[in-house]
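Have a look at the structure below, then the notes.
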Amino acid sequence: MNRPALLGNISYRAWYMWRRNVDVSLVTWKTNVIPPLLEPVLYILAFGIGLGAYVQEINSGGRVYGYLAFMAPGMVAVGIMFHSIFDTMYGAFVRLRYQKTFEAVITTPLSAEDILAGEILSGATKGLFAGAAILLIITLFGLAAYPSSLVILPLAALGGLLFASFGLWFAALAPYIDNLNLPVFLFVNPMFLFSGTFFPLDGMPRWVRLLAELMPLTHLVDITRAATFNLLTADLLWDLLYLLVLTAVMLYVSIRKMKGRLIK
Amino acid sequence: MTPVVKASALRKCYGDLCAVDGIDFEINRGECFGLLGPNGAGKTTTVKMLTCALPVSGGDITVEGLSVNADPRAIKYLLGVCPQEVNLDPDFSVFKNLIVYSRYFDIPYAEAKERAGELIERFHLHDKLERPIEDLSGGLKKRLLMARALINRPKLLILDEPTTGLDPQSRRQIWDEVRGMKRNGLTTLLTTHYIEEAELLCDRLVIVDAGRIIEQGTPPELIKKHLGGDGNLEDVFLKLTGRHLRDE
């Protein structure tokens, strides 16, 4: 494999793959648009109002939060992760193995890198859309401060790229579709629970907090929460830097791995 | 006249195992060229190298003078590929399948719409325009794959086992289409293991086995050479490749 050529093989044609996937989403829009809008309403009901009746306040980092307001940005970050990672993880696997989409497109002027960059872009688009939809809902509930919350939109695009790359990487590693249960169990679910999404990590054992620092969702949650509370500070640039570096690494790693699976 | 395709000492090896082990052939302009061989002979591997979906291990294959090693993208603009396996987009209608595919070749929408309309007419797909792909019969899917392969007006059409699994009616319809395209001067590469099909459609052919070309010529030439003119191409094929069963 010609390593330096990997980036050079990405052209504007990646957008054709992106458009193909977006077109599919528009055909099946009911299943793509309604869940991201309704999911947060369910969460707000269950956790915010149901659990919130018992847990009214959260103390974290010397600050007191209302419970519903604390978990709302967590929901935004989780939505970005779920919708982008599952799109590439299961979606790309299906397009690779069952629908043979990549096999069809690779004989057209698109390179393998165009196809895979397009996959990541469309996964990221789903993450961005979900993040924006959930942000809209929590805004309607009065749980997001403005203008600081607008930072969440570009952040959702970045998070989308990051988790779509992870998803594509897992799809490239899995011999069978059932193998994808493993990254869900070991990567997605632990992040969903232990990234400071629904409760702060202050009370957790030290090793849990150290692990959480490695998880990308933790950093996405930190910035998102600071944005909804209008508490954006310079030290969040470290979180941003971590996300940027990890995204660059995962874009490269995932495209390279999946290309190896496409072209033997 | 320069050939449209030229393979020279073409090889594809995985370690010590060579799926294609040094083959040479040329496809002339306007002819239907057959690539025949039993399962595992190296037909699909050769096609994949030609369509730039597999890097070559050695030698070269050129299309209109462009090498797969140097200009894969430029080559892919010139090809129309009708694959062995159905890889249509199941979420799109017949029409949308053609339109989405046309984008990959930078064809503007207005132009693509016109071409799609012509192809739908020609391949008798108009009754099924808005049907989901999974409702189409095997023959219709193949016709749509063929229509899709022509949307970019290719210089070389590649038909990879175009009639496998089809009923005789659909098979004949595909044959008629191939003959029609030949009359229009389209250069075609056909792989098949239906020898009758090759005998009927191909101007020239090569028989490959174990990654090497074991015989080549026109169908009548081969029948004359190996059977003294008495018999059919299938008898020649079996004589050359033996009767033992092959696994992929």
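The values are calculated or read from the model by the stated rules, or taken from the named source; none is laboratory data. This structure is a prediction, so every number in the text was calculated from the model and none was measured. Because the Cβ atoms are built from the backbone with ideal geometry, glycine has one as well, and the counts that use them run over all protein chains shown.
For this structure, a couple of remarks:
- Applying the criterion of at least 1 residues that are surrounded by 15 or more Cβ atoms within 10 Å (Cβ to Cβ) and in contact (Cβ under 8 Å) with a residue 40 or more places away in the chain to the helices (runs of 4 or more DSSP H) found wholly in the range B:175-242 leaves B:195-201, B:233-241.
For (1) surrounded by fewer than 20 Cβ atoms within 10 Å (Cβ to Cβ); (2) modelled with pLDDT of 95 or more; (3) part of a helix (DSSP H, G or I), each residue gets a yes or a no:
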site	(1), (2), (3)
A:Thr31	yes, no, yes
A:Pro35	yes, no, yes
A:Pro40	no, no, yes
A:Tyr65	yes, no, no
A:Ala72	no, no, yes
A:Arg95	no, no, yes
A:Phe102	no, no, yes
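- Looking only at the range A:7-21, and only at residues there that are in contact with a helix residue (DSSP H, G or I) (Cβ under 6 Å, 6 or more places away or on another chain) and assigned to a helix (DSSP H, G or I), the one that is farthest from A:Ala248 (Cα to Cα): A:Arg20
- Exactly one residue among B:Lys76, B:Lys48, B:Lys96, B:Lys12 is touching a Pro at 6+ places or on another chain (Cβ under 6 Å), within 14 Å of another protein chain (Cβ to nearest Cβ) and surrounded by 18 or more Cβ atoms within 10 Å (Cβ to Cβ), and that residue is B:Lys76.
- The residue of the range B:133-169 that is nearest to B:Cys202 (Cα to Cα), among those that are among the polar types (S, T, N, Q) and crowded, with 19+ Cβ neighbours inside 10 Å, is B:Thr163.
- Total residues in the range B:51-73 satisfying the condition of being farther than 30 Å from B:Pro132 by Cβ, within 10 Å of chain A (Cβ to nearest Cβ) and surrounded by 17 or more Cβ atoms within 10 Å (Cβ to Cβ): the figure is 3.
- Qualifying residue in the range B:46-68 (condition: at positive phi, over 15 Å from the mean Cα position of the chain (by Cα) and not small (Gly, Ala, Ser)): yes
- Residue check, A:Thr247 over 25 Å from A:Val64 (Cα atoms), among the hydroxyl-bearing types (Ser, Thr, Tyr) and surrounded by 18 or more Cβ atoms within 10 Å (Cβ to Cβ): yes
- Inter-residue pairs, beta-carbon under 9 Å, first within 15 Å of A:Gly66 (Cβ to Cβ) and in the range A:28-52, second part of a helix (DSSP H, G or I) and of a type in the set (Ser, Thr, Tyr), 6+ apart: A:Phe47/A:Tyr67; A:Gly48/A:Tyr67; A:Leu51/A:Tyr67; A:Gly52/A:Tyr67
- Residue check: B:Asn39 meets all listed conditions (1) within 10 Å of chain A (Cβ to nearest Cβ); (2) under 21 Å from the mean Cα position of the chain (by Cα); (3) outside any helix (DSSP H, G or I); (4) surrounded by fewer than 20 Cβ atoms within 10 Å (Cβ to Cβ) but one, namely (1).
- Where B:Val81 falls short, out of the listed (1) in a loop (DSSP other than H, G, I, E, B); (2) under 30 Å from B:His126 (Cβ atoms): (1)
Table: residues versus (1) at pLDDT 95 or above; (2) farther than 30 Å from A:Ile263 by Cα; (3) part of a loop (DSSP other than H, G, I, E, B).
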| residue | (1), (2), (3) |
| --- | --- |
| A:Leu153 | yes, yes, no |
| A:Leu162 | yes, no, no |
| A:Gly167 | yes, no, no |
| A:Leu186 | no, no, no |
| A:Phe192 | no, yes, no |
| A:Ala212 | no, yes, no |
| A:His219 | yes, yes, no |
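- Flag for B:Asn97 being without any contact (Cβ under 8 Å) to a residue 60 or more places away in the chain and within 28 Å of B:Arg183 (Cα to Cα): yes
- So B:Glu111, is it in a helix (DSSP H, G or I), modelled with pLDDT of 95 or more and either more than 12 Å from chain A (Cβ to nearest Cβ) or surrounded by fewer than 19 Cβ atoms within 10 Å (Cβ to Cβ) (or both): yes
- Residues (in contact with a helix residue (DSSP H, G or I) (Cβ under 7 Å, 6 or more places away or on another chain) and more than 20 Å from A:Gly66 (Cα to Cα)) located in the range A:193-219: A:Val208, A:Ala212, A:Met215, A:Pro216, A:Leu217, A:His219
- For the residues A:Ala133, A:Ala164, the requirement of being in contact (Cβ under 8 Å) with a residue 24 or more places away in the chain, crowded, with 19+ Cβ neighbours inside 10 Å, touching a Pro at 6+ places or on another chain (Cβ under 7 Å) and small (Gly, Ala, Ser) singles out A:Ala133.
- Failed condition for A:Phe198, given (1) in contact (Cβ under 8 Å) with a residue 60 or more places away in the chain; (2) under 20 Å from A:His83 (Cβ atoms); (3) of a type outside the set (S, T, N, Q); (4) assigned to a helix (DSSP H, G or I): (4)
- Subset of the range B:114-129 [assigned to a loop (DSSP other than H, G, I, E, B) and either buried (at least 19 other Cβ atoms within 10 Å of the Cβ) or within 12 Å of chain A (Cβ to nearest Cβ) (or both)]: B:Phe123, B:Leu125
- Which listed residue is part of a loop (DSSP other than H, G, I, E, B) and either farther than 26 Å from B:Leu125 by Cα or aromatic (Phe, Trp, Tyr) (or both), from B:Pro90, B:Pro3: B:Pro3
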